[in-house]
Amino acid sequence: MIAYDLKCLNGHQFEGWFDGAKAFEKQQKKGLVTCPVCGSAEVERLFSPFGIARHRHNDAPAELPNPLELMARYVTDNFEDVGSDFAKEALKMHYGVADHRNIRGVSSEQEENTLREEGVEFFKLPVTKQTGRNNN
């Protein structure tokens, strides 16, 4: 089945499903394709921005990247690793002692509680094979 975007002479747009292009043309010539709004049989196909490809048996399915690995790679490439000084550096930025920048590192539960109490926003990422430890 193929879905076509259609438009009648009066400008109403709608969708029609057909077994193929020949089936659409055959039904259109017979006046069977009509606008559901005004009933006009003067209907044209519109350009459709997408299509669904048929699966070929010889094509191997594409392997999707692991979202956690993508996120870890982004953090590694775009955040400065401050190691165990994460809480200290985050507090410095929060109070204007240090310039704001993207940082990553590790922190204890007590340090995380202090950051929360001081109103410092942060988030924890799970351990990944790529980074080998938690990144905040």
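The values are calculated or read from the model by the stated rules, or taken from the named source; none is laboratory data. Remember, predicted model here, so these are calculated numbers, not experimental data. Here the Cβ positions follow ideal geometry from the backbone for every residue, glycine too, while neighbour counts run over all protein chains shown. Heads up: the accessible areas ignore ligands, DNA and RNA and are worked out on the full protein's heavy atoms, side chains in. Shrake-Rupley method; radii C 1.70, N 1.55, O 1.52, S 1.80 Å.
Mind grabbing the accessible area of Asp99 for me, 1.4 Å probe, Å², rounded to tens?
Accessible area of Asp99: about 130 Å².
For Ser108, Ser40, Ser84, give me the order by solvent-accessible area with a 1.4 Å probe, most accessible first, ignoring ligands, DNA and RNA.
Reading off the accessible areas and sorting them downward yields Ser84, Ser108, Ser40.
With no solvent and one equal point scatterer per Cα, compute the Debye intensity ratio I(q)/I(0) for region 1-41 at 0.21 Å⁻¹ and report its log10, rounded to two decimals.
-0.61
Within region 1-29, list the residues whose amide N lies under 20 Å from a label point set 7 Å along Cα→Cβ of Cys38.
From region 1-29, the list is 5-16, 28-29.
Could you work out what % of the accessible surface of region 1-46 is carbon and sulfur, using a 1.4 angstrom probe and leaving DNA, RNA and ligands out of the count?
48
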